[in-house]
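> Submitted below is the structure of interest, expressed as structure tokens.
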Amino acid sequence: MRSALTEQRLNPDAVQLVPGDSHESVKHLMTARGLVDVLIPRGGESLIRNIVENSTVPVIETGVGNCHVYVDADADIDKAVALVVNSKTQRVSVCNAAETLIVSKGIASEFVPKVVNELSKKNVTVRGCDQTKKIVSNIETASEADWYEEYLGPILAIKIVSGINEAIDHINHYGSHHTDAIVSESKENQNIFTQAVDSSSVIINASTRFADGFEYGLGAEIGISTDKIHARGPVGLEGLTSLRWVVSGDGHIK
């Protein structure tokens, strides 16, 4: 790492590894106020929660990725199938992979069998609500806990809703405010969704996998923040910078 920095004519001490890999060393880092400006925890929900609740150093909380794709009644079915499969299976172990598929009842009978068939080809285990199981019976039953779950694996839960308002309510209640997508040809519903869904990335007619600092042109991504103060969404180096004001005068008084 030092040689790479030197090759770019940067201070080789600009990036450092903190010695120690125990819980005690993490505790020291969390309480190094005055030496450390900010912590950005990366890892599981329990690690992030522990640091947020116990750190005396400011923390930018990187969110758990319980991401949703909502397929609207006005969606293009072939487009929706491709987007759902990509959102779930392009890389199942990352925070911007889809974990729950929400489907409008107006399109469910035609769409759900097609998407379940394609997901099965990718070895994805599908869990569905009661209405979903009436359409496709050979899937597992989704429990209340499934709607909160970040699987980070080849599992997807499906929920059928009456329409866009119920979809938004479900996402804002169960989601992690990370990344949520709508598949719809209706401009009106696209606008309703982007205004009402309280997530750091809201995506229209594209895969949730695009919620990424590199894809957004931010350079190397440090994390995806679900905070609303300072950095939100994918965080790159620019997002971590702060301003210092230099005021120049010539005897000006107030």
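> Pairs please, first residue from region 132-146 and at negative phi and aliphatic (A, V, I, L, M), second anywhere and open to solvent by 80 Å² or more (accessible area, probe 1.4 Å) and outside any loop (DSSP other than H, G, I, E, B), Cβ atoms under 7 Å, 6+ apart in sequence or on different chains.
Ile135/Ser109
> Does any residue of region 189-206 turn out to be among the charged types (D, E, K, R) and out of contact with any helix residue (DSSP H, G or I) (no Cβ under 6 Å at 6 or more places or on another chain)?
To start, the set of residues in region 189-206 that are among the charged types (D, E, K, R) comprises 198.
So of that shortlist, the ones also out of contact with any helix residue (DSSP H, G or I) (no Cβ under 6 Å at 6 or more places or on another chain) come out as none.
Within region 189-206, not a single residue is among the charged types (D, E, K, R) and out of contact with any helix residue (DSSP H, G or I) (no Cβ under 6 Å at 6 or more places or on another chain).
> Moving to a separate point now. Take the residues of region 215-246 that are among the hydrophobic types (A, V, I, L, M, F, W, C), assigned to a loop (DSSP other than H, G, I, E, B) and modelled with pLDDT under 90: which is farthest from Tyr174 (Cα to Cα)? Write out each step before concluding.
Here is the first cut: in region 215-246, the ones among the hydrophobic types (A, V, I, L, M, F, W, C) are 218, 220, 222, 224, 229, 231, 235, 237, 240, 243, 245-246.
This time we only want the ones that are assigned to a loop (DSSP other than H, G, I, E, B), so: 218, 220, 222, 229, 231, 243, 245-246.
Retained after the next criterion (residues that are modelled with pLDDT under 90): 218, 220, 222, 229, 231, 243.
Working: Leu218: 28, Ala220: 29, Ile222: 25, Ile229: 22, Ala231: 23, Leu243: 36 Å.
Checked region 215-246; the qualifying residue farthest from Tyr174 (Cα to Cα) is Leu243.
> Step by step: first the residues of region 158-209, then only those that are among the acidic types (Asp, Glu) and surrounded by fewer than 22 Cβ atoms within 10 Å (Cβ to Cβ), then the one that is nearest to Ile77 (Cα to Cα). Which residue is that? Quick ask: steps written out before the conclusion?
Within region 158-209, the first condition is being among the acidic types (Asp, Glu), and the residues that meet it are 166, 169, 180, 185, 188, 198.
Then drop every residue that is not surrounded by fewer than 22 Cβ atoms within 10 Å (Cβ to Cβ), which leaves 166, 169, 185, 188, 198.
Numbers: Glu166: 20, Asp169: 23, Glu185: 10, Glu188: 18, Asp198: 26 Å.
Step by step, filter region 158-209, then rank; the result is Glu185.
> Hey, does region 235-253 have a residue that's hydrophobic (A, V, I, L, M, F, W, C), crowded, with 17+ Cβ neighbours inside 10 Å and either free of Cβ contacts under 8 Å to residues at least 60 places away in the same chain or under 30 Å from Val38 (Cα atoms) (or both)?
yes
> Related question: May I ask you to list the residues in region 36-77 that are free of Cβ contacts under 8 Å to residues at least 60 places away in the same chain, out of contact with any helix residue (DSSP H, G or I) (no Cβ under 8 Å at 6 or more places or on another chain) and assigned to a helix (DSSP H, G or I)?
Ser46, Leu47, Ile48, Arg49, Asn50, Val52, Glu53
> Within region 175-182, is there a residue that is acidic (Asp, Glu) and not in a strand (DSSP E or B)?
Initial filter on region 175-182 (acidic (Asp, Glu)): 180.
Next cut, not in a strand (DSSP E or B) only: none.
No, that holds for no residue.
> Which numbered condition trips up Pro41, out of (1) over 17 Å from the mean Cα position of the chain (by Cα); (2) open to solvent by less than 30 Å² (accessible area, probe 1.4 Å)?
(1) is the only condition that Pro41 fails.
> Among residues belonging to region 78-97 that are of a type in the set (A, V, I, L, M) and in a helix (DSSP H, G or I), point out the one that is most open to solvent (accessible area, probe 1.4 Å).
At the first step, the residues of region 78-97 found to be of a type in the set (A, V, I, L, M) are 80-85, 92, 94, 97.
This time we only want the ones that are in a helix (DSSP H, G or I), so: 80-85.
On the way: Ala80: 0, Val81: 20, Ala82: 60, Leu83: 29, Val84: 4, Val85: 21 Å².
Checked region 78-97; the qualifying residue most open to solvent (accessible area, probe 1.4 Å) is Ala82.
> Among the residues of region 117-149, write down those that are in a loop (DSSP other than H, G, I, E, B), open to solvent by less than 40 Å² (accessible area, probe 1.4 Å) and not aliphatic (A, V, I, L, M). Let's see the steps before the verdict.
Initial filter on region 117-149 (in a loop (DSSP other than H, G, I, E, B)): 122-124, 129, 136-139, 142-143, 149.
Of the ones still in play, those that are also open to solvent by less than 40 Å² (accessible area, probe 1.4 Å) are 124, 129, 136, 139, 142.
Residue satisfying the conditions is Cys129 alone.
> Next question, about the same structure. Of the numbered conditions (1) surrounded by 15 or more Cβ atoms within 10 Å (Cβ to Cβ); (2) of a type in the set (S, T, N, Q); (3) modelled with pLDDT under 95; (4) outside any helix (DSSP H, G or I), Thr100 fails exactly one; give the number of that condition.
Every condition holds for Thr100 apart from (3).
The values are calculated or read from the model by the stated rules, or taken from the named source; none is laboratory data. What you see is a predicted model; the values in this text were computed from it and never measured. All Cβ positions, glycine included, derive from the backbone under ideal geometry; neighbour counts span all protein chains shown. In case anyone asks, the SASA skips ligands and DNA or RNA and just uses the protein heavy atoms, side chains included. Shrake-Rupley method; radii C 1.70, N 1.55, O 1.52, S 1.80 Å.
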